[in-house]
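The values are calculated or read from the model by the stated rules, or taken from the named source; none is laboratory data. Fair warning: this is a prediction, and the values are worked out from it, not measured in the lab. Here the Cβ positions follow ideal geometry from the backbone for every residue, glycine too, while neighbour counts run over all protein chains shown.
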Amino acid sequence: MDKNLDFNLTNFGTEEDCTDVTVQDSYIEERLKAAQSGDPEAYYDLGLVYSTGRGVEIDLVEAHKWFNLAVMNGMKKAQIDRSELAHDMSPLEIAEAQRQARAWMDKSDLKFKH
C-alpha cells in the first residue's frame, strides 16, 4: 500500500479531519492520474479508498471495479480483497462492477495482462 494512503487512513477520523479530507482529495486525484497511466498500485489504492470510504462515500461497485483492474494487471493481493468485497455485493452489483472495469479498459489504450 502506498505510504500516503496509509498515512491518510491512519489519521482519518481525528480532529484533523478537515486537513485529511483535503489531503485525501488530492491523494485520490493523484491516484486517478496514476491509474490513467496504467499503474496497478493506483488501481489497488483506489479499490481500498472506495471499499473503506476514506475521503469518499463507500462504493462497493467502484471498489470492485478498481480491484478488478488491479487483478487484471497481475496484483495477487487485489484478488483477495476483491473476493472479500464480493461477499457483501449482490450478483447485479458484481456484474455492474465488471461492466465498468471493461468500459474503463476499453476507453484507455492500456494493455492488461489478463
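Observations
- Of all residues in the stretch 21-40 being in contact with a Leu (Cβ under 7 Å, 6 or more places away or on another chain) and among the small types (Gly, Ala, Ser), the one that is modelled with the lowest pLDDT: 38
- Reported count of residues in the stretch 24-39, each being over 16 Å from residue 104 (Cα atoms) and surrounded by 17 or more Cβ atoms within 10 Å (Cβ to Cβ), is 3.
- A single member of 63, 78, 103, 70 is out of contact with any helix residue (DSSP H, G or I) (no Cβ under 8 Å at 6 or more places or on another chain) and within 17 Å of residue 50 (Cβ to Cβ), and it is 103.
- Looking across the stretch 73-92, the residues that are part of a loop (DSSP other than H, G, I, E, B) and either among the aliphatic types (A, V, I, L, M) or touching a strand residue (DSSP E or B) at 6+ places or on another chain (Cβ under 9 Å) (or both) come down to 75, 89.
- Some residue of the stretch 46-53 being over 11 Å from the mean Cα position of the chain (by Cα) and at negative phi: no
- Exactly one residue among 95, 42, 70, 103 is assigned to a helix (DSSP H, G or I), out of contact with any Lys or Arg (no Cβ under 6 Å at 6 or more places or on another chain) and buried (at least 17 other Cβ atoms within 10 Å of the Cβ), and that residue is 70.
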